[in-house]
Every structure is written in structure tokens, then in C-alpha cells.
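This report refers to the structure that appears directly beneath it.
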Amino acid sequence: MGSVIKAKCPCGYVSGDLFEGCGMAGPETCRNLARCDHCQEIVLIRSSSVRHRCPKCRHKVQVITINNQRIFDSKPEKFECPQCRKTSMRLREVGLWD
Ligand SMILES: [Zn+2]
Ligand SMILES: [Zn+2]
């Protein structure tokens with residue numbers, strides 16, 4: 001089971017629906033969130049890949065590790081925004097997949 005995550009930053013950056021985690025089909029379906037500084041976007045990468053590269057531009061990406069619990073805490077974890085570069089982007093779980 002994976003989570004559908006949306007990233008949002010006060011600067012105006014909003015990601016699309018990000019399908020993070022693993023589906024029923026097995027480890028090959030596992031996805032991690034990553035930040036591409038070239039596209040200035042949050043992208044999804046295959047967890048199984050050794051070299052983490054952006055699926056769009058093939059540049060190296062920063063993998064984002066989510067502690068799912070913290071998303072719902074009163075003080076949610078903040079992440080570096082790919083656009084304004086401040087650590088003020090928040091992730092929200094908007095649903096589940098598979
Ligand atoms: Zn990219
Ligand atoms: Zn921002």
C-alpha cells in the first residue's frame with residue numbers, strides 16, 4: 001500500500017499527486033519522493049534504482065525520506081522546497097493507492 005502525497009509550500013509551489021510507497025504488485029512498484037533541483041520539482045523515482053536520477057531531466061536528485069507519522073503531527077516535518085529553497089514545504093497525505 002502506498003500513499004498519495006501532495007507537497008505544498010507557502011511560496012506558491014504545489015506538486016501534483018505523488019504516488020509514494022509500494023503497490024500490491026511487489027517491490028518493483030516502489031517509489032520514493034525526490035527533489036530535482038534542475039526541474040525545481042518534486043519527482044518520483046524507483047526505490048530499486050541504484051542511481052537516483054530525475055525521470056524527466058536525468059539529473060541527480062535528492063531523495064526525500066518520509067516518516068509517515070510526522071505528516072499528521074501537530075508540528076509536521078518540513079522539507080526543502082525545490083522552488084524557493086526554504087525549508088518550509090509541507091507534505092500532506094491525500095489518499096492511498098493499491
Ligand atoms: Zn529533473
Ligand atoms: Zn517554496
Margin query: Conditions first: (1) touching a helix residue (DSSP H, G or I) at 6+ places or on another chain (Cβ under 9 Å); (2) of a type in the set (Val, Ile, Thr); (3) without any contact (Cβ under 8 Å) to a residue 24 or more places away in the chain. ILE45 passes all but one, so which condition is the exception?
Written below: (1)
Next item on the list: Could you check how many residues of region 67-98 are more than 16 Å from ligand 2 (Cβ to nearest atom) and open to solvent by less than 30 Å² (accessible area, probe 1.4 Å)?
Entry: 2
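So which residues in region 76-91 are closer than 15 Å to ALA34 by Cα and in contact (Cβ under 8 Å) with a residue 40 or more places away in the chain, if there are any at all?
Taking region 76-91 and keeping what is closer than 15 Å to ALA34 by Cα, we get 78-83, 85, 87, 89-91.
PHE79, GLU80, CYS81, PRO82, GLN83, MET89, ARG90, LEU91, listed by residue number.
Could you tell me which of the residues GLY23, GLY16 is surrounded by fewer than 15 Cβ atoms within 10 Å (Cβ to Cβ) and part of a loop (DSSP other than H, G, I, E, B)? Full working, then the answer.
Working: GLY23 fails: surrounded by fewer than 15 Cβ atoms within 10 Å (Cβ to Cβ).
Sole residue among the options that is surrounded by fewer than 15 Cβ atoms within 10 Å (Cβ to Cβ) and part of a loop (DSSP other than H, G, I, E, B): GLY16.
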Check: Out of region 41-66, which residues are open to solvent by 40 Å² or more (accessible area, probe 1.4 Å) and within 13 Å of ILE5 (Cα to Cα)?
Finding: LEU44, THR65
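The values are calculated or read from the model by the stated rules, or taken from the named source; none is laboratory data. Values in this document were obtained by computation on a predicted structure and should not be read as measured data. As a convention, Cβ positions derive from the backbone with ideal geometry for all residues, glycine included, and neighbour counts pool all protein chains shown. We work out accessible area using only protein heavy atoms, side chains counted, and drop any ligands, DNA or RNA first. Shrake-Rupley method; radii C 1.70, N 1.55, O 1.52, S 1.80 Å.
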